[in-house]
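A.B. asks: This is the structure I have questions about; it appears just below.
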Amino acid sequence: MVKDSQRHFDVLVIGAGPAGIAAAVRAAESSLSVALVDDNPRFGGQIWRGEFESGHDQNAVRWRDRLRGPEVTKLFGKRVFHQPEAGVLLAEGTDDLCELRYTNLVLATGARERFLPFPGWTLPNVMGAGGLQAMVKSGLPIRGKRVVVAGSGPLLLAIAAYLRRHGAEIPIICEQAPWSRLVRFGTRLAGYPRKIAQALQLKKELAGVPFVANSWPLAAHGGQTLDSVTILRNGKTEVIPCDYLACGFHLVPNTELQSLLGCQVSGGYVQVDNFQQTSVPRVFSAGEPTGIGGVELALVEGQIAGLAAAGVTASARKLFGERRRARRFAHLLDRTFRLRPELRSLSSAETIVCRCEDVPYSLLQEHRSWRAAKLQTRCGMGPCQGRVCGPATQFLFQWNPDSVRPPVFPARVESLAGLTRNAELEHSPMPGGSQ
Amino acid sequence: MPDSAPEALTVTVNGSPVVVSSGATVAVAVAIAGQACRTSVRGEPRGSLCGMGICFECRVSINGRPHCRSCQILCEPGMEVNTDG
């Protein structure tokens, strides 16, 4: 297949959330050719989804304005799925295939929510907390709907406040972390004035909404769609009627592309040096893939990566102090929202763990590794390629995820047909069939 | 809260017209229509989970092309969406 476009960039940035935008903006200050690529139809990533249009988030608006102008080539709706050779990435759009050549690469691939299986979690209207927020930001009417918000992490509060602002009724917010850890988290916030301001604002917006620690969903109920949720609250069960369950257990980084390129990933995070460079020369990574730390850390890491990729190391060095402070916050998040072991026993034997292939918990229990489970049950072999059940089984069974194979996302047959140069790909099974 | 009412447009979901605001994703149109996006291997109805193109639960057919991730595609006037996969 003839590629629709073939271009070279001095600095190619994948992922247009805060880290990627910061990297592209700072790299472009050096008059290099810079491109910013994202698979979504709009920029902003997950955390700034819709913020460029609404103008409510001053930080987002500031970076949006810095990104304006012709210095950065912006490619929306392009999903990178393969590296046929070093220095070349292939990306698929709705109807096209682009070959993106680079001298320096910044991977700012963000994070996704961690989902844990429990009975009923596959019912329609049981969604990720961030997932439901993304849908509402994308036009889903939520006014008058009852939404139970559950799981773990600071985003639960921000999402509940957002949904309430848009007319949803929030009967309860369930946080799995124990009070003792949340209180410690609260006292440590003293070192982060901006976070305190955010917390106070959220407290105001969520006045009257019960926030319960030591609490998590036990089951979701309904026929064709959700009608109620059983939660565990202070050791007692309670059934709450609702239209949606917005449930995410903090975040896991997206590191598949880094793994594909051979970057060292350890403990779930991409390993980087002081300049955000990975173990592969000229390949940088910034934001959540190197540690879940939120917008501030993403912005400073993105800037360092962009400056370093452009060769402006002196300016990058000036940001090391700011990054150190932001990383301390990332460690605090890790400690506070660590998952409690009780969550490992939420599934019943019949609970689906792999949603793509409908593999139940009982079939997985008997296996000793991710690889064995994949081969025997097809767990993780569907189109999501284990992005949902991988982190879940890692928590449930302490399995380590397998190596990543190309294509890193399911690609169209005609896109793959253009890759005759790559023998490995030709001999790899296509995850998810021929989508 | 949107500052001004966004323009509306119409798509069809399984043949029935659905009005969405301009800028809405196809996943939103399917949700407004009250439809599940796909039927799982064992026959369960499934809807959007992650909202960000990761989980593949929101796959639908758009204008005859199967397996489109509806959460990452914006509605266009007259688009024909089918929830058969």
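Every residue, every condition in (1) under 27 Å from residue A:345 (Cα atoms); (2) out of contact with any helix residue (DSSP H, G or I) (no Cβ under 8 Å at 6 or more places or on another chain); (3) surrounded by fewer than 21 Cβ atoms within 10 Å (Cβ to Cβ), yes or no:
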| residue | (1), (2), (3) |
| --- | --- |
| A:169 | no, yes, yes |
| A:216 | yes, no, no |
| A:233 | yes, yes, yes |
| A:260 | no, yes, yes |
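A.B. asks: Filter the stretch A:1-46 down to residues that are surrounded by fewer than 22 Cβ atoms within 10 Å (Cβ to Cβ) and of a type in the set (A, V, I, L, M), then give me how many there are.
C.D. replies: The number of residues fulfilling the criteria is 3.
A.B. asks: Moving on. For residues that are in a loop (DSSP other than H, G, I, E, B), within 14 Å of chain B (Cβ to nearest Cβ) and under 20 Å from residue A:343 (Cα atoms), tally how many sit in the stretch A:380-405. Working first, answer last.
C.D. replies: Here is the first cut: in the stretch A:380-405, the residues in a loop (DSSP other than H, G, I, E, B) are A:380-388, A:398-405.
Remaining after also requiring within 14 Å of chain B (Cβ to nearest Cβ): A:380-388.
Filter once more, keeping what is under 20 Å from residue A:343 (Cα atoms): A:386-388.
Residues that pass the stated criteria total 3.
To keep it simple, each residue is scored yes or no on (1) in a helix (DSSP H, G or I); (2) closer than 29 Å to residue A:268 by Cα; (3) within 11 Å of chain B (Cβ to nearest Cβ).
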residue	(1), (2), (3)
A:81	no, yes, no
A:95	no, no, yes
A:102	no, yes, no
A:118	no, yes, no
A:131	yes, yes, yes
A:141	no, no, yes
A:156	yes, yes, no
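A.B. asks: Right, next: Which one of the conditions (1) surrounded by fewer than 24 Cβ atoms within 10 Å (Cβ to Cβ); (2) at pLDDT 95 or above does residue A:154 fail to meet, given that it meets all the rest?
C.D. replies: Condition (2) is where residue A:154 drops out.
A.B. asks: Inside the stretch B:27-78, can you point out the residues that are more than 7 Å from chain A (Cβ to nearest Cβ) and polar (S, T, N, Q)?
C.D. replies: Answer for the stretch B:27-78, where residues must be more than 7 Å from chain A (Cβ to nearest Cβ) and polar (S, T, N, Q): B:35, B:39, B:61, B:63, B:70.
A.B. asks: So residue A:115 fits all but one of (1) surrounded by fewer than 23 Cβ atoms within 10 Å (Cβ to Cβ); (2) of a type in the set (A, V, I, L, M, F, W, C); (3) in contact (Cβ under 8 Å) with a residue 24 or more places away in the chain; what number is the exception?
C.D. replies: Among (1) surrounded by fewer than 23 Cβ atoms within 10 Å (Cβ to Cβ); (2) of a type in the set (A, V, I, L, M, F, W, C); (3) in contact (Cβ under 8 Å) with a residue 24 or more places away in the chain, the lone unmet condition for residue A:115 is (1).
A.B. asks: Please enumerate the residues belonging to the stretch A:204-220 that are within 21 Å of residue A:249 (Cα to Cα) and away from chain B (no Cβ under 14 Å). Steps first, please.
C.D. replies: Initially, the stretch A:204-220 is screened for residues within 21 Å of residue A:249 (Cα to Cα), giving A:206, A:209-220.
A:206, A:209, A:210, A:211, A:212, A:213, A:214, A:215, A:216, A:217, A:218, A:219 - these are the residues of the stretch A:204-220 that are within 21 Å of residue A:249 (Cα to Cα) and away from chain B (no Cβ under 14 Å).
One line per residue, one yes/no per condition, for (1) of a type outside the set (Val, Ile, Thr); (2) under 25 Å from residue A:270 (Cα atoms); (3) surrounded by fewer than 24 Cβ atoms within 10 Å (Cβ to Cβ); (4) touching a residue at least 24 places away in the same chain (Cβ under 8 Å):
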residue: A:69; (1), (2), (3), (4): yes, no, yes, no
residue: A:108; (1), (2), (3), (4): yes, yes, no, yes
residue: A:128; (1), (2), (3), (4): yes, yes, no, yes
residue: A:144; (1), (2), (3), (4): yes, no, yes, yes
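A.B. asks: Condition first: more than 20 Å from residue A:257 (Cβ to Cβ) and either assigned to a helix (DSSP H, G or I) or under 23 Å from the mean Cα position of the chain (by Cα) (or both). Now tell me which residues in the stretch A:290-317 satisfy that. It would help to see each step written out before you state the result.
C.D. replies: So in the stretch A:290-317, the residues more than 20 Å from residue A:257 (Cβ to Cβ) come out as A:294-296, A:299-300, A:303, A:307, A:310-317.
Listed by number, the residues that qualify are A:294, A:295, A:296, A:299, A:300, A:303, A:307, A:313, A:314, A:315, A:316, A:317.
A.B. asks: Identify, by number, the condition in (1) within 26 Å of residue A:177 (Cα to Cα); (2) touching a strand residue (DSSP E or B) at 6+ places or on another chain (Cβ under 9 Å) that residue A:335 doesn't meet.
C.D. replies: (2) is the only condition that residue A:335 fails.
The values are calculated or read from the model by the stated rules, or taken from the named source; none is laboratory data. The structure displayed is predicted, hence computed values, not measured ones. With ideal geometry, Cβ positions are generated from the backbone for all residues, glycine too; neighbour counts draw on all protein chains shown.
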